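The values are calculated or read from the model by the stated rules, or taken from the named source; none is laboratory data. As the structure is a computational prediction, the values presented were derived from the model and not from experiment. Methodologically, a virtual Cβ is constructed for each residue, glycine included, from the backbone with ideal geometry; neighbour enumeration extends over all protein chains shown. Note: accessible area is taken over every heavy atom of the protein model, side chains too, but ligands, DNA and RNA are not part of it. Shrake-Rupley method; radii C 1.70, N 1.55, O 1.52, S 1.80 Å.
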Amino acid sequence: QVQLVESGGGLVQPGGSLRLSCAASGNIFSIAQMGWYRQAPGKQRDLVATIASGDTTNYADSVKGRFTISRDNAKNTMYLQMNSLKPEDTAVYYCKVIVRSVGDRFSRQYWGQGTQVTVSS
């Protein structure tokens, strides 16, 4: 089994910065892909950014140039550096990881518990 722990959310003023972390632990043989999604109240959950095992990244148009996704393979941890934050970035941010575990020949998808990001003056 795999567990994800998210941290780094909070309240920040417009134009400020936050850094989110997602640490994976448990039965992990390899991590194929990690990503961040966000969901505002009453809205669907949307992709923010993903990073593959080869460090290929993908960003939503709304965050390009402001957010940077990265991963530390030695720590099984993913980060989202968020700069120039806007009120419309306010949402619960969720970590998603695609993990291959020892004993499996396929990968499974896991979600973190979510962390609140609020951008307001």
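Observations on the structure shown:
- Multiplying the residue separation of T56 and S84 by 0.36 nm and subtracting their alpha-carbon distance yields 7.8 nm.
- Modelled this way, with points 7 Å down the Cα-to-C-beta line, the labels at L47 and N73 are 2.2 nm from one another.
- For the chain, the Stokes-Einstein estimate of translational diffusion at 25 °C and a viscosity of 0.890 mPa s comes to 169 µm²/s, using the Kirkwood hydrodynamic radius over alpha-carbon pairs.
- Only Lys, Arg (+1) and Asp, Glu (-1) charged, at Cβ; the chain dipole about Cα centre in debye: 140
- Fraction of accessible area attributable to carbon and sulfur, the chain (%, probe 1.4 Å): 46
- Reachable lysines, given that their alpha-carbon falls under 16 Å from the alpha-carbon of K86 and they are not under 8 places away in the same chain: K64
- Per residue, in Å², the accessible surface of the chain once ligands and nucleic acids are set aside, probe 1.4 Å: 53
- Dipole of the chain, positive direction: furthest Cα of I51, Q109, N76, with charges on the beta-carbon: Q109
- Cross-link partners of K75 among lysines (Cα-Cα below 24 Å; sequence separation of 8 or more within a chain): K96
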